[in-house]
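> Below is a structure I'd like to ask you about.
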Amino acid sequence: MSTVINLEDTWCAHNYHPLAVVLVRGDGALVWDEHGRRHIDMMGAYSAVSHGHCHPRLVAALTKQAGKLAVISRAFHTAPLGAFAELACRLTGMDAALPMNTGAEAVETALKAARKWAYTIKQVAADRARIIACQGNFHGRTIAIVGMSSVPQYRDGFGPFPPGFDLVPYGDAAALAAAITPDTAAFLVEPIQGEGGIVVPPPGYLAQCRRICDEKRVLLLCDEIQTGLGRTGRMLACEHEGVRPDGLTLGKALGGGLLPVSMFLARREVMDVFQPGDHGSTFGGNPLAAAVGHEALRVLVEEGLIERSAELGDWLMRRLRGIDNPLIKEVRGRGLFIGIEFHPDKVDARTVCEGLARRGILTKDTHRNTVRFAPPLVISRALLTEAVEGLRLTLDELAAAATVTA
């Protein structure tokens, strides 16, 4: 066993099960291990590295700001924050932004805003507000968030959970309508479920949810932490259906692959429920994060990464669907956010990832026995071709082994 892996295994909590590779360097869509072997990053750190590893503009922005002022609390004003918030709002069509650090913090902020909106604006009785989420959701790892999860492992051993959450089937607008009561504050939804297995809802689903929320006076909150910032071929995944939510969460790619940066963005009526002292974060909106986040947004637009995701995503989808292998159950996704689901009785997705790793292609399995292909948006068509060929060879090898075993 690698000395590095042994050290980590000895001293770190065992809450992850990584592949047996130690990465030491990255550039664009490529990473290198401790032995100098080159790998294609087809995971993009769950969309956190959408700009690619060590993007020179982002490294320069980080270095420049770090040399001037890195962290100072929101007790004082700093130059980078206002410009960052303005650009984020203009690009997403929102009125105001509240910066945080991690995606889970952004979601918690959205939940707090929705509840306070329900009490101060909608006039729901005290402590009666409810929030609807979807089965199969993944919005983070806090106690409140796992309390609204339908995945047994995420909940097991962590109760009791805060009340006030209801679950409906994903992709079923009629179920949403039926679940809404006068006490419902908001509907929190991923435009495409990421950890759920790259699950794409039926066409028109999000637009239907928007209409239902308008009719019932319920906030529509879109979790765009994985799907936002160009990942699906649009700035936001909800734009594919022309939907403007009342609030949305951003994270992961917002930090340019360098820092944890997140935001809750919303309409003024929603954001203005917060008063000084209601909510905050020591590190949220710090100058270093704001400078990097601002440059990350600029790079997305100025370097055409959103359009690149749309073009390469369509091409990649066609290539993946062209693989003729009995192990594949379905290929689905949008932009460079694609899941390849396998028949569970024929092969385990983790086994596929291990086979890909041996060929220098790195990614991670997720729910519904699915392997994700979600590389940095800067990836070249040549590297995608190599990844597709590596997948084809891996599956041919696994299918042949299964036939021999049978």
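Conditions tested, residue by residue: (1) in the same structural domain as Asp9 (by TED's automatic domain parsing); (2) under 15 Å from Leu384 (Cα atoms); (3) charged (D, E, K, R); (4) in contact with a Cys (Cβ under 8 Å, 6 or more places away or on another chain).
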position: Val22; (1), (2), (3), (4): yes, no, no, no
position: Arg25; (1), (2), (3), (4): yes, no, yes, no
position: Ala29; (1), (2), (3), (4): yes, yes, no, no
position: Asp33; (1), (2), (3), (4): yes, no, yes, no
position: Gly36; (1), (2), (3), (4): yes, no, no, no
position: Met42; (1), (2), (3), (4): yes, yes, no, no
position: Val49; (1), (2), (3), (4): yes, no, no, no
position: Leu62; (1), (2), (3), (4): no, no, no, no
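> A further question on this structure: Please go through segment 284-300 and pick out each residue that is under 19 Å from the mean Cα position of the chain (by Cα) and over 21 Å from Arg372 (Cβ atoms). Before you say what the answer is, go through the steps one by one.
Just the residues of segment 284-300 that are under 19 Å from the mean Cα position of the chain (by Cα), to begin with: 284, 289, 292-294, 296-297, 299-300.
Gly284, Ala289, Val292, Gly293, His294, Ala296, Leu297, Val299 - these are the residues of segment 284-300 that are under 19 Å from the mean Cα position of the chain (by Cα) and over 21 Å from Arg372 (Cβ atoms).
> Taking segment 136-148 as the search range and keeping residues that are of a type outside the set (A, V, I, L, M, F, W, C) and under 19 Å from Ser262 (Cβ atoms), which one is surrounded by the most Cβ atoms within 10 Å (Cβ to Cβ)?
The initial filter retains those residues of segment 136-148 that are of a type outside the set (A, V, I, L, M, F, W, C), namely 136-137, 139-142, 147.
If we keep only those that are under 19 Å from Ser262 (Cβ atoms) too, we end up with 137, 139-142.
Working: Asn137: 23, His139: 27, Gly140: 21, Arg141: 14, Thr142: 16.
Of everything passing the filter in segment 136-148, His139 is surrounded by the most Cβ atoms within 10 Å (Cβ to Cβ).
> Within segment 292-351, how many residues turn out to be assigned by TED's automatic domain parsing to the domain that holds Ala85, surrounded by fewer than 19 Cβ atoms within 10 Å (Cβ to Cβ) and touching a Pro at 6+ places or on another chain (Cβ under 9 Å)?
0
Residues checked against (1) assigned to a loop (DSSP other than H, G, I, E, B); (2) modelled with pLDDT of 95 or more; (3) within 24 Å of Leu250 (Cβ to Cβ):
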residue: Asn137; (1), (2), (3): yes, yes, yes
residue: Gly140; (1), (2), (3): yes, yes, yes
residue: Pro163; (1), (2), (3): yes, yes, no
residue: Leu176; (1), (2), (3): no, yes, yes
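> May I pose another question? Please list, ordered by first then second residue, the pairs with beta carbon atoms under 7 Å, 6 or more apart or interchain, first in segment 137-151 and assigned by TED's automatic domain parsing to the domain that holds Pro201 and free of Cβ contacts under 8 Å to residues at least 24 places away in the same chain, second among the β-branched types (Val, Ile, Thr) and surrounded by fewer than 16 Cβ atoms within 10 Å (Cβ to Cβ).
As it stands, the answer is none, since no pair meets every condition given.
> For Asp345, only one of the following conditions fails: (1) touching a residue at least 12 places away in the same chain (Cβ under 8 Å); (2) not in a helix (DSSP H, G or I). What is its number?
With (1) touching a residue at least 12 places away in the same chain (Cβ under 8 Å); (2) not in a helix (DSSP H, G or I) applied to Asp345, the lone miss is (1).
> Shifting gears a bit: Right, Thr394: modelled with pLDDT under 95, farther than 27 Å from Ile306 by Cβ and outside any strand (DSSP E or B) or not? Reasoning before the result, please.
Values: modelled with pLDDT under 95: no; farther than 27 Å from Ile306 by Cβ: yes; outside any strand (DSSP E or B): yes.
No: the conditions fail for Thr394.
> Now for a separate question. Is it the case that some residue within segment 245-265 is surrounded by fewer than 19 Cβ atoms within 10 Å (Cβ to Cβ) and assigned to a helix (DSSP H, G or I)?
Here is the first cut: in segment 245-265, the ones surrounded by fewer than 19 Cβ atoms within 10 Å (Cβ to Cβ) are 260.
Of the ones still in play, those that are also assigned to a helix (DSSP H, G or I) are none.
No, segment 245-265 has no match at all.
> Any idea how many residues of segment 348-390 are outside any strand (DSSP E or B) and either closer than 25 Å to Phe138 by Cα or touching a Phe, Trp or Tyr at 6+ places or on another chain (Cβ under 8 Å) (or both)?
Step one: list which residues in segment 348-390 are outside any strand (DSSP E or B), which gives 348-360, 363-364, 367-369, 374-390.
Cutting the leftovers down to either closer than 25 Å to Phe138 by Cα or touching a Phe, Trp or Tyr at 6+ places or on another chain (Cβ under 8 Å) (or both) gives us 348-354, 363-364, 367-369, 374-377, 381, 384, 387.
Looking only at that region, the number is 19.
> Can you find a residue in segment 213-232 that is farther than 25 Å from Thr102 by Cβ, in contact with a Leu (Cβ under 8 Å, 6 or more places away or on another chain) and buried (at least 22 other Cβ atoms within 10 Å of the Cβ)?
Taking every residue of segment 213-232 in turn, at least one turns out to be farther than 25 Å from Thr102 by Cβ, in contact with a Leu (Cβ under 8 Å, 6 or more places away or on another chain) and buried (at least 22 other Cβ atoms within 10 Å of the Cβ).
> Is at least one residue of segment 278-294 closer than 14 Å to Leu91 by Cα and modelled with pLDDT of 95 or more? Step through it out loud before you land on a result.
First pass over segment 278-294, keeping only residues closer than 14 Å to Leu91 by Cα: 293-294.
The next check asks that each one be modelled with pLDDT of 95 or more; those that pass are 293-294.
There is at least one residue in segment 278-294 that is closer than 14 Å to Leu91 by Cα and modelled with pLDDT of 95 or more.
> Pairs, please: C-beta under 9 Å, at least 6 apart or cross-chain, first residue on the phi > 0 side of the Ramachandran plot and in segment 10-39, second not in a loop (DSSP other than H, G, I, E, B)?
That search, which allows pairs on different chains as well, returns Gly28/Asp41; Gly28/His53; Gly28/Leu383; Gly36/Val24.
> Give segment 310-342 a look and list any residue that's assigned to a loop (DSSP other than H, G, I, E, B), under 20 Å from the mean Cα position of the chain (by Cα) and either at pLDDT below 95 or among the β-branched types (Val, Ile, Thr) (or both), or say none.
Start the filter on segment 310-342 by keeping residues that are assigned to a loop (DSSP other than H, G, I, E, B), which leaves 322-327, 334-337.
Checking which are under 20 Å from the mean Cα position of the chain (by Cα) leaves us with 334-337.
Matches in segment 310-342: none.
The values are calculated or read from the model by the stated rules, or taken from the named source; none is laboratory data. Since the model is a prediction, treat every value here as computed from it, not as a measurement. Positions of Cβ are backbone-derived with ideal geometry, glycine not excepted, and every protein chain shown enters the neighbour counts.
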